[in-house]
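Just below is one structure, and these are the notes that go with it.
The values are calculated or read from the model by the stated rules, or taken from the named source; none is laboratory data. Being a predicted model, the structure only gives us computed values, none of them experimental. Glycine also receives a Cβ, built like all others from the backbone with ideal geometry; neighbour counts cover every protein chain displayed. Just so you know, the surface numbers come from the protein's heavy atoms only, side chains and all, with ligands and any DNA or RNA stripped out. Shrake-Rupley method; radii C 1.70, N 1.55, O 1.52, S 1.80 Å.
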Amino acid sequence: MARHTQPIKTSTLTGPIAAGSVFFLILAALAAVASKAQWPVTFGVADWAALRFTVWQSFLSALVSVVFAIPVARALARRRFVGRGLLVTLLGAPFILPVIVAVMGLLVVFGRSGWVSQGLGLFGLPPLSIYGLNGVVLAHVFFNLPLATRLILQGWQAIPAEQFRLAGQLGLPPVVVFRTLEWPVLRQVVPGAFALIFVICLTSFAVALTLGGGPRATTIELAIYQAFRFEFDLGRAAMLSLLQLVVAGSAAVAALWMLPPIAAQMGRDRPVQRWDARGAGLRALDTMWIGLAATFLLVPLGAIAASGLAGLGQMPSQVWSAAWTSAWVAALSTVVLVALALPISMWLAQTRWGGAEALTLVGLAASPLMIGTGWFILINPFAAPTQFALIVTALVNAMMSLPFAVRILMPAMRQVIAEYGRLSASLGLSGLALWRIVVLPRVRAPLGFAAGLAAALSVGDLGVVALFADGDRATLPLQMYRLMGSYRTDAAAGAALLLLTLALGMFWACDAWGRRHAEG
Amino acid sequence: MLKVEGLKISLGGFALQASFEVDAGQRVAVIGPSGAGKSTLLGAIGGYIPSEGRIDVGGKDVSNAAPDQRGIAMLFQDGNLFPHLTLAQNVGLGLRPSLRLTDGERARVSEALDQVGLAAFEARKPGDVSGGQQSRAALARVLVQGKPLLLLDEPFAALGPALRGEMLDLTSTVARDTGATVLMITHAPEDAERAADHVIFVDEGRVEPPQPVSEIMSNPPPALRAYLGR
């Protein structure tokens with residue numbers, strides 16, 4: 001007999017209103033941009049080059065990330081060793097690592113005068129160059145290899161332990177285990193992981209800003225920034241924004257049906273006992289993959305810590321005021337995110353309308369710089385947009401986090417409705433009391449996690465603020481970028497360490513809040 | 001007290017029809033094979049499953065009322081308590097969904113917990129007490145709710161036979177104290193004989209009107225006889 005769940009009686013309007021205001025902010029920006037574009041829109045040689053580079057680097061980044069993630073995930077799935085849990089947790093770290101901090105770490109290791117280049121110099125070899133396509137893809141892989149690894153690992157860990165027990169009892173060789181158990185999951189997860197990374201890389205800005213540039217390595221997002229910032233050509237910025245929307249939007253829509261769910265935590269990460277792959281050769285192979293991945297991820301992080309400690313004393317005072325600015329922008333952004341994500345995810349968890357889930361992905365496709373450009377155009381006739389730089393940054397950051405937050409919260413909301421919908425209805429719980437007494441305590445853990453992601457993402461974001469800000473107003477990532485641009489590398493490294501601490505600290509504070517008193 | 005008239009529920013391929021009356025103060029066991037529609041029937045009366053027809057509780061038409069506006073308290077198979085709230089808070093929800101209780105209401109909650117033998121457990125959470133104690137806490141809430149009709153969808157099914165009997169007795173006490181009419185689903189004829197005075201037999205979407213338990217058990221109709229295996 002069918003089991004019925006009682007829809008939960010929160011206000012039926014708050015969800016659509018919250019979603020509607022997000023749409024309004026995006027559509028208003030789009031309309032403003034379109035009004036400035038010169039019709040008919042024409043594309044120059046540089047624009048086509050930006051489009052080609054954007055798609056090509058996204059494709060390469062997604063491909064490399066996924067191809068290397070498979071052996072790493074396989075090694076992690078079938079090995080148990082001391083520190084495995086820590087390593088799996090660290091795979092989540094790039095998600096909250098500020099992009100510009102990672103770039104700094106990669107430069108210290110792989111840059112022209114970085115550790116690897118110095119090592120090569122000892123053998124008389126030329127230094128590495130990570131500016132251009134190489135660097136952009138390297139940085140994207142640094143961020144997305146762990147994401148892909150986690151997605152694949154999650155898929156494999158969802159295979160019931162009994163199946164591996166059966167495989168062990170039958171003595172199935174690794175090849176057969178792969179074909180019968182691992183491959184079907186891989187075939188489901190890999191296209192989704194590839195699509196997600198491809199879409200994320202399409203709208204990547206900070207990596208292209210720091211490691212790309214020039215006619216051969218400019219993304220559309222970077223071209224918008226340059227048109228806006230250096231040429232102040234609003235028409236061209238508008239035209240590029242539309243191009244970006246079409247490219248990223250169609251990719252996101254195409255990817256929608258294969259996107260994997262984003263698990264809040266790998267909390268129940270119990271390595272499954274496996275009996276395949278016991279040979280010494282396979283063990284060595286797995287060890288090598290885990291070692292390579294750990295080195296690739298950990299060494300740049302260590303480099304930030306090492307060079308940052310040295311640079312802490314050399315930071316100008318602006319760095320500290322920028323850190324303060326960043327902290328409150330992130331706090332504001334997180335509050336906005338929570339206020340939007342809670343009603344939207346509750347609404348989406350209850351609605352039967354299939355298009356609802358697609359709404360959450362619009363945020364992935366809408367380029368932050370397009371929204372920023374649009375709001376610059378809207379504010380400009382009435383006030384100096386620089387005065388609103390930080391507010392707009394906080395709002396845009398909240399919108400960037402929204403798709404992730406909604407995907408994290410929705411399963412928890414669905415569970416609350418399924419388990420406590422009838423009981424709440426029978427007791428007449430509704431409105432705010434329902435939120436306070438039932439929903440918030442039940443979704444506290446994923447809410448804390450989502451808020452932590454949003455805070456870290458906002459504090460580390462170098463995007464809209466770069467468009468708007470003047471000399472007086474800067475967030476910490478922007479300040480750090482300015483230090484890098486003026487070759488004050490030591491001070492920039494110190495700022496990177498401060499920024500990293502701030503991002504991890506804010507994430508930890510929110511996540512710890514969510515886990516405290518959170519019950520299963 | 002409860003009057004069901006031309007009730008019709010269709011869920012996919014399953015259809016259920018019912019017309020019957022239950023007098024005030026009766027304790028009615030709803031029995032029948034799995035999948036016969038017992039839970040569906042109670043779900044519709046409680047307002048959790050959409051249905052056609054008319055449902056009167058205490059002389060008032062509640063067919064279109066929300067679950068909490070029907071004068072009905074209901075205990076489900078599981079999930080009768082919020083695990084993150086203390087037992088006292090869970091009981092308090094029966095008085096005020098906002099949980100902002102007056103001193104008098106707080107005393108009422110303590111009294112109810114005392115009545116079901118949980119005086120020392122007010123500050124505990126459901127996860128820290130036994131299954132039987134969880135059932136007692138849910139019954140304490142029924143006590144403070146003081147609704148005229150109580151629906152039980154096998155809330156004690158997971159308990160052992162002795163404990164289940166104990167809970168049925170406690171339910172009868174609670175029902176007597178609040179003057180509530182009871183409709184309870186059960187699989188076990190001995191439960192019906194222990195805690196009910198009437199029986200409604202449900203089979204393949206048909207709902208027989210209530211009959212005195214001694215009569216129907218001593219002379220069961222063929223379908224019920226087949227179900228009971230007698």
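I need the trypsin sites (Lys or Arg not before Pro) found in the stretch B:86-133, filtered to DSSP loop residues with at most 10 other beta carbons within 10 Å of theirs.
Numbers: sites: B:Arg100, B:Arg106, B:Arg108, B:Arg124; in loops: B:Arg100, B:Arg124.
Answer by residue number: B:Arg100.
Its Cα gyration tensor gives the protein assembly as shown an equivalent ellipsoid. The semi-axes, each the square root of 5 times an eigenvalue, are 59, 30, 24 Å from largest down. Placing a label point 7 Å from the Cα of B:Thr102 along the Cα-to-Cβ direction, no residue of the stretch B:135-149 has a backbone N closer than 14 Å.
Each distinct pair of alpha carbons in the stretch A:41-302 adds a 1/r term; the inverse of their mean, the Kirkwood radius, is 20.1 Å.
Remark: the Cα gyration tensor places chain B in the prolate category, a/c being 1.5 or greater and a/b exceeding b/c. Over the stretch A:81-196, the alpha carbon radius of gyration divided by the compact-protein estimate 2.2 N^0.38 Å works out to 1.44.
Pairs B:Lys125/B:Lys147; B:Lys60/B:Lys125; B:Lys3/B:Lys125: which exceed 31 Å Cα-Cα? Numbers along the way, then the final one.
Details: B:Lys125/B:Lys147 25 Å; B:Lys60/B:Lys125 37 Å; B:Lys3/B:Lys125 38 Å.
Result: B:Lys60/B:Lys125; B:Lys3/B:Lys125 exceed 31 Å.
Secondary structure note: in the protein assembly as shown, about 55% of the DSSP beta bridges are antiparallel. Shielding value for B:45-52 is 2, the average number of Cβ atoms from other chains within 10 Å of each residue's Cβ.
Which residues make up the longest stretch of chain A that has no chymotrypsin sites (Phe, Trp or Tyr not before Pro) in a DSSP loop with at most 14 other Cβ atoms within 10 Å? Answer from the scan: A:124-229. Hydrophobic long helices, here whole DSSP H runs in chain A with Kyte-Doolittle means of at least 1.0 and Cα atoms spread over 20 Å or more along the helix axis, are found at A:14-36, A:45-78, A:183-202, A:234-256, A:280-311, A:317-350, A:389-426, A:440-459, A:489-515.
Residues within the reach of a label modelled at B:Ala120 (point 7 angstrom out along Cα to beta-carbon, backbone nitrogen below 12 Å), restricted to the stretch B:83-101: there are none.
Rolling a 1.4 Å probe across all protein chains gives A:Val64 an accessible area of roughly 40 Å². Of B:Glu190, B:Glu208, B:Glu122, the residue with the greatest mean-square motion in the GNM of chain B, using alpha carbon springs below 10 Å, is B:Glu190.
Are there DSSP H segments in chain B that both extend 24 Å or more along their axis (alpha-carbon positions) and score a mean Kyte-Doolittle hydropathy of at least 0.5? List them, or say none. Don't skip to the end; give the middle numbers.
Details: long enough: B:161-178 (25 Å, -0.18).
Going by DSSP H runs, there are no hits.
For the stretch B:1-82, applying the loop criterion from DSSP together with a ceiling of 14 other beta carbons within 10 Å to the GluC sites (Glu not before Pro) yields no site.
Considering only A:Ser65, A:Gly372, B:Ile216, the residue lying farthest towards the positive end of the dipole of the protein assembly as shown is A:Ser65, judged by Cα position with unit charges set on Cβ. Distance between the modelled labels on A:Phe24 and B:Ala65, one decimal in nanometres: 3.9 nm (7 Å Cα→Cβ projection).
Of all beta bridges that DSSP places with both ends in chain B, some 55 percent have antiparallel geometry.
Taking the square roots of 5 times each eigenvalue of the Cα gyration tensor of the stretch B:144-230, largest first, gives ellipsoid semi-axes of 23, 15, 12 Å. Peptide A:418-425 is shielded by partner chain Cβ atoms: per residue, an average of 6 of them sit within 10 Å of its Cβ. Bridging of B:Lys38 to aspartates and glutamates at a Cα separation below 12 Å is possible for B:Asp153, B:Glu154, B:Asp203, B:Glu204, B:Glu208, once same-chain residues fewer than 8 apart are set aside.
Take every Cα pair under 8 Å whose residues are at least 6 apart in sequence, average their separation, divide by the length of the stretch A:193-248, and the relative contact order is 31 percent.
Decide, for the stretch A:56-144, between rounded, prolate and oblate: order the square roots of the alpha carbon gyration tensor eigenvalues as a ≥ b ≥ c, take rounded if a/c falls under 1.5, and otherwise choose prolate if a/b is larger than b/c, else oblate. Note, shape of the stretch A:56-144 comes out prolate.
Dividing the summed -39500 (n - 2.57) terms of all DSSP H runs of n ≥ 4 by the residue count of chain A sets its mean residue ellipticity at 222 nm at -24000 deg cm²/dmol.
Return a whole-number percent for the relative contact order of chain A, with Cα pairs under 8 Å and 6 or more residues apart as the contact set. RCO, chain A: 26 percent. Taking Lys and Arg as +1 and Asp and Glu as -1, the other residues whose beta-carbon sits under 13 Å from that of A:Gly463 total -1. So what is the relative contact order of the stretch A:41-302, in percent, for Cα pairs below 8 Å that sit 6 or more residues apart? Answer for the stretch A:41-302 is 33 percent.
Evaluate E = 1/(1 + (r/R0)^6) for B:Arg206 and B:Arg230, where r is the Cβ-Cβ distance and R0 equals 25 Å; express this FRET efficiency to the nearest 0.05.
Numbers: r = 20 Å, r/R0 = 0.80.
Result of the calculation: an efficiency of 0.80.
For peptide B:75-84, the mean count of partner chain Cβ atoms within 10 Å of a residue's Cβ comes to 5.
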